[in-house]
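S.K.: Could you have a look at this structure, given as structure tokens, before my questions?
Just so it is clear, none of the values below were taken in a lab; they were calculated from the coordinates. What you see is a predicted model; the values in this text were computed from it and never measured. So basically every Cβ, Gly included, is an ideal-geometry build from the backbone, and we count neighbours across all protein chains shown.
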Amino acid sequence: MTSSCRSTQKSGQKVAVLVLGMHRSGTSMLGGMLDRLGCQGAKTQLKATPSNPKGYFESSEFMKLNDSILATLGSRWDDWRPFEQGWQNSPRFVEFRERIAETMAAEYGSASLIYLKDPRICRLMPLWREALVEAGYAPVCIHTHRNPQEVLQSLAARKGVEVEPELGMLAWLRHVLDAEAGSRGLPRIFTSYARLLSNWTEFSDRAEKVFGFSWPVARNARDDRVRDMIDRGLRHHDSSIEDLMNDASVPERVKDCLKVMERWTRDGEDDEGRETLIRIASEFETSAALFGGSVIGLAAKCRKARGSEEKLEALDRELKEREEEIAARQAELDTLRNAHARLAARDAEREAEIQDQKARIVALREERDRLEQDRETLRAQDALLREELRQTGDRLMQLRAEKELVSAEFQEKLAAAAAALQEAEQRFVDIHGRYVALEEKNALDEAALRENRKLAEITRIEAEDRIRTLNTELSAFADTTIEQGRALVRLNSELAALKGEKDNAVAAAEKRARALHDEVGTLTARISEHEKIIREANDKIASHDNELSATREQLGQEQEKAFHMIERLHQEYRSSTSWRVTAPVRAVGQLIRGSR
């Protein structure tokens, strides 16, 4: 699955990865994935909430800025009506371009690879696209979508968010169409919330291929980092695409748009889908122009009616609370009445208890008289006991004498115990001295330990700095290694091709060498035959030359003889007076002179 647009950023240019999608469509999870893959996020981030426990990965500053832009356009985040054509070229938006540039610098500094996520950008793509290029960024886009019924269910579950289901469908359609139209011509890919949950690596690999660069985090370290963002348990609303397609209440344009998005997510962009989206957008614009005002008016009346209903519901709740309070007060009064009845019963019980107490007093008086009698009896017994005590005193004197003897023995034992105690105290002094020495040594050891801990802390900090440096170097080395690995793969492929060509060339050369060797043998034999023929021819030529020389010599001699004879005849005829006789002789003489 590839995009029809390829990466256009120049080497060394900063890149901004735009996350485009309707609210509650998994854009936060996608932003978190980009953060885990090594893209730089904004400095000011929205805090996590129960709706998004893992975070929004969205800048609060950009959200405020986009809300201001929408307010200037007379719109808001859930508005589905179209903007005027070329709205971004109005002089009013020059200041927003400057504010975008200032906020980008404040949120990202000099970061070279950033991600930017705010669903409002879907509708403001013309302005943001130009502002990012002016700020020195090459924008690339990741479109993500979600079943619109799931989006509406997720929006309805959020506190303080009021979106009519029908208008929510229109808002979903507007965000998807505007984001697609505003990103044409840029490097982009399409995915979905469901696909990210099931196979996030497919999105990651396809983005690298289409965007023309690798994610900073090494491939072997991505899985654990990214999986932390994927929690299928957070998907509280799950509706099938098939159910939506069979739902007659869903507009046909929404179904057609969703079909294109699903197909592009699976197979990549195509011209047919693009034409379908253009047709849907055109029909949507016409419908909005015809019915937009009426629908907004009806929506306002619905909100007003809903407000009245909410007020009635609030009054009903207050009435129920009052009735519950009255019932509670009545129950409390009944409780008090029951308590009063119980107190009356308790008074009757106390009266009975008083009567019981009086009867007990009478019984106690009778018991006192009986005890007086017992006292007199005890006095008599006391006299007897005193006599026994005197006798016991005598016995005590005897026991004291025995005590003195025992005491002397005890003193001896006490002296021995005192000596043992002194020895024990001396041992205690020795042990205490050793304890004090150990305490001093322990104090020194603790001081040394604290010093060692300080050194260890300094060493740990230095080690952590070194580890961070090594991690940075390792990341760069990993990136270099990846590029070298790719180059090595290409070189190995080229080497294999060259080796194959070399093997073919060597085989052909060996075959040619064998053929040449055979030809050389044949030529050698033929040369030997030719040399033999040449020798024979040379012998014949030499013989012919000898014969020719002899013939030439003989001819020369005969020619000389002929010349002498002709000269003689010429002399004879020249002296003759007959013209007819001498004419032939003259002609022969001219011929002879000419041949000389």
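S.K.: For 83, 96, 57, what ranking results if the residue with the fewest other Cβ atoms within 10 Å of its Cβ goes first?
M.R.: Ordered by Cβ neighbours within 10 Å, fewest first: 83, 96, 57.
S.K.: Using modelled amide H (1.01 Å from N, peptide plane; none on Pro or chain starts), what sits under 5 Å from the amide H of residue 191, excluding residues fewer than 5 places away?
M.R.: Those lying under 5 Å, H to H, from residue 191 are 143, 144, 145.
S.K.: What does the C-alpha gyration tensor say about the overall shape of the range 14-269? Classify as rounded when a/c is under 1.5, otherwise prolate if a/b is larger than b/c, or oblate.
M.R.: Rounded is the answer for the range 14-269, as its axis ratio a/c remains below 1.5.
S.K.: I'd like the FRET efficiency for residue 325 and residue 355, computed as 1/(1 + (r/R0)^6) with the beta carbon distance as r and R0 of 56 Å, rounded to 0.05.
M.R.: The calculated FRET efficiency here is 0.75.
S.K.: Convert each backbone phi in the range 350-367 into a coupling constant with the Karplus relation 6.51 cos²θ - 1.76 cosθ + 1.60 (shift: θ = phi - 60°), then list the ³J(HN,Hα) values in order as whole Hz, x for Gly and Pro.
M.R.: 5, 4, 5, 5, 4, 4, 4, 4, 4, 5, 5, 4, 4, 5, 5, 4, 4, 5
S.K.: Among the listed pairs 209/259; 43/454; 14/43; 14/117, which are separated by more than 27 Å between their Cα atoms?
M.R.: The pairs that break the limit, which is 27 Å between Cα atoms, are 43/454.
S.K.: In addition: Arrange 90, 59 by Cβ neighbour counts within 10 Å, fewest through most, would you?
M.R.: Listing 90, 59 from fewest to most nearby Cβ atoms yields 90, 59.
S.K.: Got the relative contact order for the range 14-269 handy, in percent, Cα pairs under 8 Å and 6 or more residues apart?
M.R.: 29 percent
S.K.: Amide H to amide H, which residues 5 or more places from residue 113 or on other chains are under 5 Å from it, using H placed in the peptide plane?
M.R.: 15, 40
S.K.: What shape does the range 1-154 take by its C-alpha gyration tensor, where a ≥ b ≥ c are the square roots of the eigenvalues and a/c under 1.5 counts as rounded, a/b above b/c as prolate, and the rest as oblate?
M.R.: rounded
S.K.: Around residue 16, what is the net charge, scoring Lys/Arg as +1 and Asp/Glu as -1 over all other residues with Cβ under 13 Å from its Cβ?
M.R.: So the environment of residue 16 carries a net charge of 0.
S.K.: Roughly what would the spin-label model give for residue 462 and residue 334, points 7 Å off Cα along C-beta, in nm?
M.R.: Each label point is offset 7 Å from its Cα along the Cβ direction, giving 8.1 nm.
S.K.: Tell me, 145, 175 in order of fewest to most beta-carbon neighbours within 10 Å?
M.R.: In order of increasing Cβ crowding within 10 Å: 175, 145.
S.K.: Here is a follow-up. In sequence order, what are the phi-derived ³J(HN,Hα) couplings for the range 38-55 according to the Karplus relation 6.51 cos²θ - 1.76 cosθ + 1.60 with θ = phi - 60°, rounded to whole Hz, with x for glycine and proline?
M.R.: Ordered by residue, 3J(HN,Hα) equals x, 6, 7, x, 5, 5, 9, 10, 5, 6, 5, 9, x, 5, 10, x, 8, x Hz.
S.K.: Relative contact order of the range 14-147: what whole-number percent is it, with Cα pairs under 8 angstrom and at least 6 residues apart?
M.R.: Answer for the range 14-147 is 50 percent.
S.K.: Another question, if that's okay. Tally Lys and Arg at +1 and Asp and Glu at -1 over the other residues with C-beta under 12 Å from the C-beta of residue 367: what net charge comes out?
M.R.: Taking every Cβ under 12 Å from that of residue 367, the sum is 0.
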